[in-house]
1. Show me, for region 124-136, the HN-Hα J-couplings you get by feeding each phi into the Karplus relation (A = 6.51, B = -1.76, C = 1.60, θ = phi - 60°), rounded to Hz, glycine and proline as x.
2. Angle check, please: helix 144-154 long axis (alpha carbons) against the longest principal axis of the chain (alpha carbons), in degrees 0 to 90, nearest 10.
3. Lys and Arg at +1, Asp and Glu at -1: add these up for the other residues within a Cβ distance under 10 Å of Glu203 and post the number.
4. All other residues with a Cβ under 14 Å from the Cβ of Val87 taken together, and with Lys, Arg as +1 and Asp, Glu as -1, what is their net charge?
5. If I take the Cα coordinates of the chain and project them onto the principal axes, what are the three extents in Å, biggest first?
6. Hey, which lysines would be in cross-link range of Lys7, C-alpha to C-alpha under 21 Å, not counting anything within fewer than 8 residues on its own chain?
7. Can you compute 3J(HN,Hα) from phi for each residue in region 67-77, using the Karplus curve 6.51 cos²θ - 1.76 cosθ + 1.60 with θ = phi - 60°, rounded to whole Hz and x for Gly and Pro?
8. Which lysines does Lys215 reach when only Cα atoms under 27 Å apart count, and residues fewer than 8 places away in its own chain are ignored?
Amino acid sequence: MSRAPAKARQVIVLLALLKMKTQDGSIFTSSTNLASAIGVSQQTAIRYLKELEDGRLIKRTLTARGENVEIGDGGLSLLRETYGTLVNVFTSLSASCISFSGILFTGIGEGAYYVSQKPYMGQFSSKLGFTPYPGTLNLRLIEQENLVKYLQMLSYPPTLVLGFRSANRTYGDVLCYKISLEKRYPGAVVRSVRSLYDSSVVEIISPLRLRREMKIGDGSRISVYFTPSSFT
């Protein structure tokens, strides 16, 4: 970190100091503790503290309890600037489309059974805005990059379709993500909390009979597009 640009280095040290803040708002530290927190030598930590103090980013006071550090106006200003930059970056990322592709295959046949259950069907209609065709389109993610993108999509808040009980069994909750296929056909990725599939398999519902509408069959590569702002 000693070769990092000064501003980046200062932000890292300021954040490490903030993590040391006690419940009463005080920051007591030592060069040894700071060195351990940011992964540098004690001598380097001493230099960093002096750099922040000389730049009026922090104020240091020796007390009976040890060295008290207070984040000064300059330090707070730098942290606010960094926060604003991060907000802009993540806002931009949130608006970006996530896309991945998989290979179409025939599933084990349970999709149609589950999708057709009336308590699920009613919620799909009200929460996703469409009544799904009774069945799922199943994609297998072969490449690591596509699996990573799929998991990135799953990190966003889903539309939750609640499970229910019937006379004979219990049906689990379903996590839904509104998507489009090939930027043309509407649908939603659905993932049951009790899914028999691992994360390499993507199940998709749609108001359309997708195999017929898209003229596709097992082995076809299908692209999925998810825009975070599209979830409800």
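We did not get these values from a lab; they are worked out from the coordinates using the rules stated. Just so we're clear, the structure is a prediction, and the values are computed from it rather than from any experiment. Positions of Cβ are backbone-derived with ideal geometry, glycine not excepted, and every protein chain shown enters the neighbour counts.
1. Once θ is set to phi - 60°, the couplings for region 124-136 become 4, 5, 7, 8, 9, x, 8, 8, x, 4, x, x, 10 Hz.
2. Here the helix axis deviates by roughly 90 degrees.
3. On the way: positive: Arg191; negative: Glu110.
Overall, the nearby charge balance is 0.
4. Values: positive: Arg80; negative: Glu81.
Overall, the nearby charge balance is 0.
5. Result for the chain: principal-axis Cα extents of 73, 40, 27 Å.
6. Lys19, Lys50, Lys59
7. 8, 8, 10, 10, 6, x, 4, x, x, 5, 4
8. Excluding near neighbours in sequence, the set is Lys149, Lys178, Lys183.
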